[in-house]
Amino acid sequence: MKGPETSVVDGDWAPGLLKARIYEQMLLDIILGDLAPMSVLDEKTLATRYVAGIAGVREALGRLALEGLVLRRPRVGTVVAPLDIREIEQAFEVRHMLEAKTAALAARNATADDIAAITSAFDEAEAAIAGADFRAMLAMDRTFHRAVATATHNPTLARFVVSLQNVATRFWIWAMEKQSPEAQLEDVRLHRELAAAIAARDSFAAEAAAERLVGDPPSRSSL
């Protein structure tokens, strides 16, 4: 049986593979803005930055391009996709359609290992918030949502949900950087509420908790 570390989400991109490591590092840097929107991505420079080969960098860029996080531009090359609020709005719409049902399915299908991964994802959240460590918070958030997606044991659904998360998380990080520590802790509480519902195998409570967690799109944000 596949557990959290050999997730159905990943397939050929299972954790531990070099190209998966490069992809994850690039993805985090894009979400955090360390690779800024519309910046040109040179393969040799990236290979040096991530201590990797050109082939691995190229494969990672290919996956990011499929997910819409980098763009291939004629005569320019590969650039980081702009932070497109319209695209993020659309991602929120689809997340509201999918994630509540995903949470309900996870509550029904999760294994003990899945539940352990989900409930432990934010164990270090208070320390990260106290230290304003947004990279750590991002890693926890990705671990949590990937674990929920994996717990559905529906790989097609899981891939869609994780891809949407990658788009929406660019806004989540932007918003979190402007929140008070109290607001950040409330966001963590909502994640833990969903985790508890899944652990209790309460699909109705999980669905409702997921709706609350997805929250409002940027157009309705007060930030």
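Bear in mind that the values in this text are calculations on the coordinates, not laboratory data. Worth saying up front: this structure is predicted, and the values here are computed from it rather than measured. Cβ atoms come from the backbone with ideal geometry, glycine included; neighbour counts cover every protein chain shown.
Taking 0.36 nm per residue of separation and subtracting the Cα-Cα distance, full extension of the segment from residue 109 to residue 84 would add 5.5 nm. The calculated FRET efficiency for residue 97 paired with residue 204, based on their beta-carbon distance and R0 = 25 Å, is about 0.90. Residues whose amide H lies under 5 Å from that of residue 78, counting only those 5 or more places away or on a different chain, are 41, 73; hydrogens are built 1.01 Å from N in the peptide plane. Between residue 179 and residue 196, the modelled labels are 1.7 nm apart [label points 7 Å from Cα along Cα→Cβ].
Label zone of residue 65 (point 7 Å out along Cα→Cβ, amide N under 18 Å): in segment 38-59 this covers 38-47, 53-59.
In summary, the convex hull built on the alpha carbon positions of segment 4-80 has an orientation-averaged projected area of 5.1 nm². Computed from phi, the 3J(HN,Hα) profile of segment 132-142 under the Karplus parametrisation 6.51, -1.76, 1.60 (θ = phi - 60°) reads 6, 8, 6, 5, 5, 5, 4, 4, 5, 4, 5 Hz, with x in place of Gly and Pro. Peptide packing: for 151-161, 95-105, 122-132, the average count of neighbouring Cβ atoms within 10 Å per residue gives the ranking 95-105, 151-161, 122-132, highest mean first.
Determine, from the Cβ-Cβ distance of residue 32 and residue 130 and an R0 of 25 Å, the FRET efficiency 1/(1 + (r/R0)^6), rounded to the nearest 0.05.
Values: r = 19 Å, r/R0 = 0.75.
With R0 = 25 Å, the Cβ-Cβ based efficiency is 0.85.
Could you state the number of Å between the C-alpha centres of segment 180-202 and segment 59-118? Result: 20 Å between the Cα centres.
Rounded to a whole number, what is D in µm²/s for segment 93-189 from Stokes-Einstein with the Kirkwood radius over alpha-carbon pairs (25 °C, 0.890 mPa s)?
Working: Rh = 13.9 Å.
The calculation lands on 176 µm²/s.
How high is the relative contact order of the chain, in percent, with contacts defined as C-alpha pairs under 8 Å that are six or more residues apart? Dividing the mean separation by the residue count of the chain yields 26 percent. Largest GNM mean-square fluctuation across 65, 205, 183, computed for the chain with C-alpha springs under 10 Å, falls on 183.
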